[in-house]
1. Remind me, relative contact order of chain B in percent, using alpha carbon pairs under 8 angstrom and six or more residues apart?
2. List, largest first, the extents of the alpha carbons of the range B:46-187 along their principal axes, each in whole Å.
3. Starting from 0.36 nm per residue, how many nanometres of slack lie between B:Q93 and B:D128 once their C-alpha separation is accounted for?
4. Counting each DSSP H run of 4 or more residues in chain B as -39500 (n - 2.57), what helix-only mean residue ellipticity at 222 nm follows after dividing by all residues, to the nearest 500 deg cm²/dmol?
5. What is the local net charge at B:S247, summed over the other residues whose Cβ is closer than 10 Å to its Cβ (Lys, Arg +1; Asp, Glu -1)?
6. Per residue of B:96-103, what is the mean number of Cβ atoms on other protein chains within 10 angstrom of that residue's Cβ?
7. For the range B:107-182, which chymotrypsin sites (Phe, Trp or Tyr not before Pro) are in a loop by DSSP, counting at most 13 other Cβ atoms within 10 Å?
8. Regarding the protein assembly as shown, what are the three Cα extents along the principal axes, ordered largest first, in Å?
Amino acid sequence: MRRGFIFTVDALIAFGLAMAVLGLIIPFYDTTSLPNHEELHVQRYTADLLAVMQKSGQARLAIAGDDSAVVATLAMTGTGKCFVFKAVNAATSTIIITVSKPGCAGKPVTVSAASSNEYYNGGFYRLELSGWVQ
Amino acid sequence: MRYGRKFAGGRGFVATFVTCALATLILILITFSQPSLKLRDRYLADYSASAGIRQMFDNTAVQVGAIVGVNSTFLPQADGNVTASFAVPILSQNNSVEVANYSAYLQGAFSQAASAVISPSFGPIAGDRVELMSNTTSFFVDYAWRSAGFEPSPESSGTRFSNLSIALVISEALNASTPWVYDGSGDVNVTLSLTTANGTTVTNGRMSSSTPHFYLMNVTTGAGGGESVALYFGNSGAKSGVLWVNSTGVPGTFAANVTMPYALASAWYYNASLNVTKAAIARNSKLLVWEGG
């Protein structure tokens, strides 16, 4: 059998050991929890969508009982993106309305959430929009 | 033969050394690349949180406008001016209790919901007067005096309007009125649209912002019967360009479009502020309604 020319067996063993050490270190290296880019994208999308619903008056309509504009806006979001809109009476903590995007069953444990508030007809309402990628 | 083995062992040593060095180098590069990746992610996360706080400020200003009943829009013109539009009821209801309730809600329940520390300072607008200010001019609603209009900011000598368009709507009929007189020349082009149960009349002319002009309207029947509406444009002491409408009890609406230089009206804000801290981001500023680009 010819002797090693570039990589000898001990070199390969050394390389393998180094990679094993590397593999052991990396999982323990990053202990901080930062959202990944997809989570950040969903966070921004969710916050922007809630702002659009408020600025266009759709959220007020939903509080008043007409959720058609919110339903239409949620339907216009891309495939795979899921949202649930809620309006909560701030004084009583009662959920006034909940609108879910169709086809988005099974809300995951971790979702992006945006919250805001709306003054309507003498009362304050907390608006919540949860978003996730299916 | 012995020399050959020795040579082969030396080559193995070099190859092993190079391989280990390469592996170490890869390890070092990966290790040092992690902080920069984390910095980038941290920047993106902070940017996202910062944008969320900006939206919170924007929305708070919108909600305050809804509570106090002031509608305002701002439109920059190609000629370097800004046209600002304001509309309020001429007998505005004092919603200072709602303003105080909103402040308490933001500070309490909503702070918890938004995972933030929110400290509103709404004192200046939770009394008898609400002001929407630029660096030279204030739009005010004074509930105690049942009036609304414009006046120069404390540090300004005049409002500097070039165009002033007023739309006053009163649902009752006027039994008597004393119209104001246009000057023929003057520094402000004024248009007044007056709508009552008698119909709509529109007048236009130039007025000096430093001399007084009064328009008095009396109502004898219906809502506000026996009461009057007064409209004033001109000076107030040494300050020019003051405009107000005052109703002694006649309901209606007052809308005004004013055109003024962009440099004097590039930002409009409520005389109230908000302090928000969320995670590593903190912001404390006036409630900005509009800021030109």
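1. On the way: 606 pairs, mean separation 62.1, N = 293.
Value for chain B: 21 percent.
2. Principal extents (largest minus smallest coordinate, Cα): 59, 39, 28 Å.
3. On the way: separation 35, 0.36 × 35 = 12.60 nm, distance 1.01 nm.
11.6 nm is the gain from fully extending B:Q93 to B:D128.
4. That comes out to -9500 deg cm²/dmol.
5. Details: positive: B:R146; negative: B:E227.
Surrounding charge for B:S247 is 0.
6. Across the residues of B:96-103, the mean count of other-chain Cβ atoms within 10 Å is 2.
7. B:W145
8. 127, 48, 35
No lab work stands behind these numbers, since they all come straight from the coordinates. Bear in mind that the values here come from a model prediction, so they are computed numbers and not experimental data. Glycine also receives a Cβ, built like all others from the backbone with ideal geometry; neighbour counts cover every protein chain displayed.
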